[in-house]
Amino acid sequence: MTTTETPTRRITAAKAMAEAIGLEMRADPDVFVMGEDVGAYGGIFGSTTGLFDEFGPERVIDTPISETGFIGAGIGAAVEGLRPVVELMFVDFYGVCMDQISNHMAKIHYESGGAVKVPMVLMCATGAGYSDAAQHSQCLWGMFAHLPGMKVVVPSNPYDAKGLMTSAIRDDNPVLYFFHKGAQGLVWMEKNPRSVAHVPEEAFTVPIGEAAIAREGSDVTVVTLSLSVQHSLDVAEELEGEGISLEVVDLRSLVPLDRQTVLESVAKTGKLLVVDEDYKSFGLTGEVAAIVAETDPTMLTKPVSRLAVPDVPIPYARSLEYGILPTRERIAAAVKDLMS
C-alpha cells in the first residue's frame, strides 16, 4: 500500500478498523483474526471487510457460535506468542464467555508474576438506536473497565478507530476495543456524517490513555465517548448560535483514564456534563464526577450533571428506546439546564 497521503480520501470508521488490522497483518505474521462471520462476510458491522480475500482462512478464521471456545483459543494463542484480534460480535454476549475474559485474559499476566504476556485484542460491537432490543443494544464498557488487568478503548471517529486499533494490536496487554454500531458509517444504518472522515493511508497510532479535546469551548465541559461524542459535537454547533460555548472531551480510553484532561477542562469552564450510553448507576458518569469531587470540587460553579441510560433493559419499541438514550435533544437540554 502506498504511504502517500491523499488529503481528500475519506473513509468510514468500519473501513478504518479493517485497514488498521490489514496493515498490522502485513507487517507481522503473528497477527491473525478470528470470530463469527469475520471471514468472507467481513464482519456484520464491517470490521474485517476485505481481510479474508487477502489473507485467507488460515489468518482470518470463521468460528462456530461458541464465544467461550474461540475467545479461549485466542487467549491461548496470545500466551504462546501470537497476536490475535478476536471479535465478540455483540458485547451483550459477554455472559457466555466472561470467565475467559475476566479470569484468564485479564489475570494471566498478573498471576504469572509478569512472566506471561497476553497481547490480544478483543473487539466488540456496542450501542443502541436500531431496535435491536435488550440483548443486542447495550454498551457495557463500564463493566469491563471495572475489572483490573485489561485496557479499554472506545473510538468515536474514523481516525481514532484506525489509530487505536493499531495501538491495541501492538500492545503487549489485553485490550478491549469497543466500537459503536452507529459510528461505523455503514450504509444500511442511520449514521452521523462524522462517521466518515479523512484518515491517512499509512499506519499510525493513537496513544491509549490520552483523551482528546474534540472541540474547545468556555461555558460547559461535556465529557463523553463513542457515538455520544458525535452527538455532542452536533449540539455544540447548534448551541453556538445561542451563545453557548461547549468544550467536548472525547475520552477515547477508559483504561487508562485521562483524568488530567478532564480536570483541566472543568477548571476552565466550571461546569461539567458527563454523557454516557452505558447505564448510569455504578458507571462512567459517577467515576468522572468523583474524580472532580475528590480533586477540587470548588472548580465547579454548578453541581455535576449526568446523562446516561437509566437502569432498565433497552426497549425494542423505537419511541421507548429513544426515550432513554442520550440523544442530541437530551444533551442540549442538559447543557441549557446547566447554563440556566
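Quick notes on this structure:
- Positions within the stretch 195-214 being open to solvent by 60 Å² or more (accessible area, probe 1.4 Å) and more than 13 Å from G163 (Cβ to Cβ), in sequence order: I213
- The sole residue among R252, R306, R259, R330 that is basic (K, R) and out of contact with any strand residue (DSSP E or B) (no Cβ under 9 Å at 6 or more places or on another chain) is R259.
- Positions within the stretch 183-194 being part of a loop (DSSP other than H, G, I, E, B) and surrounded by 17 or more Cβ atoms within 10 Å (Cβ to Cβ), in sequence order: Q184, G185, L186, K191, N192
- Among (1) under 23 Å from L284 (Cβ atoms); (2) among the aliphatic types (A, V, I, L, M); (3) in contact with a helix residue (DSSP H, G or I) (Cβ under 8 Å, 6 or more places away or on another chain) - the single one M98 does not satisfy: (3)
- Helices (runs of 4 or more DSSP H) fully within the stretch 264-340 counting 2 or more residues that are aliphatic (A, V, I, L, M) and in contact (Cβ under 8 Å) with a residue 60 or more places away in the chain: 284-295, 328-339
- Note on the stretch 135-182: residues that are more than 12 Å from the chain's Cα centre (by Cα) and open to solvent by 40 Å² or more (accessible area, probe 1.4 Å) total 11.
- Taken together, the residues in the stretch 60-75 that are in a loop (DSSP other than H, G, I, E, B), of a type in the set (V, I, T) and open to solvent by 50 Å² or more (accessible area, probe 1.4 Å) amount to 1.
- All of G217, G243 fail the test of being assigned to a loop (DSSP other than H, G, I, E, B), free of Cβ contacts under 8 Å to residues at least 60 places away in the same chain, farther than 17 Å from V152 by Cβ and open to solvent by less than 50 Å² (accessible area, probe 1.4 Å), apart from G217.
- The numbered conditions (1) at pLDDT 95 or above; (2) assigned to a loop (DSSP other than H, G, I, E, B); (3) under 15 Å from E87 (Cβ atoms) are all true for P57 except (3).
- Residues satisfying the stated conditions in the stretch 246-263, i.e. surrounded by fewer than 24 Cβ atoms within 10 Å (Cβ to Cβ), in a loop (DSSP other than H, G, I, E, B) and not aliphatic (A, V, I, L, M): P256, D258
- The set of residues in the stretch 220-240 being touching a residue at least 12 places away in the same chain (Cβ under 8 Å), open to solvent by 10 Å² or more (accessible area, probe 1.4 Å) and farther than 24 Å from T166 by Cα consists of H231, L233, D234, E238.
- Test: residue in the stretch 76-85 that is more than 18 Å from D171 (Cβ to Cβ), touching a residue at least 40 places away in the same chain (Cβ under 8 Å) and surrounded by 23 or more Cβ atoms within 10 Å (Cβ to Cβ): no
- Scanning the stretch 11-49 for residues that are more than 20 Å from the chain's Cα centre (by Cα), open to solvent by 40 Å² or more (accessible area, probe 1.4 Å) and not aromatic (F, W, Y) yields R26, A27, D28, P29, D30, D37, A40.
The values are calculated or read from the model by the stated rules, or taken from the named source; none is laboratory data. All of these numbers come straight from a predicted model, not from anything done at the bench. Here Cβ is always computed from backbone atoms with ideal geometry, including for glycine, and neighbour counts include all displayed protein chains. Each accessible area value is taken on the protein alone, full model and side chains, heavy atoms only, with ligands, DNA and RNA left out. Shrake-Rupley method; radii C 1.70, N 1.55, O 1.52, S 1.80 Å.
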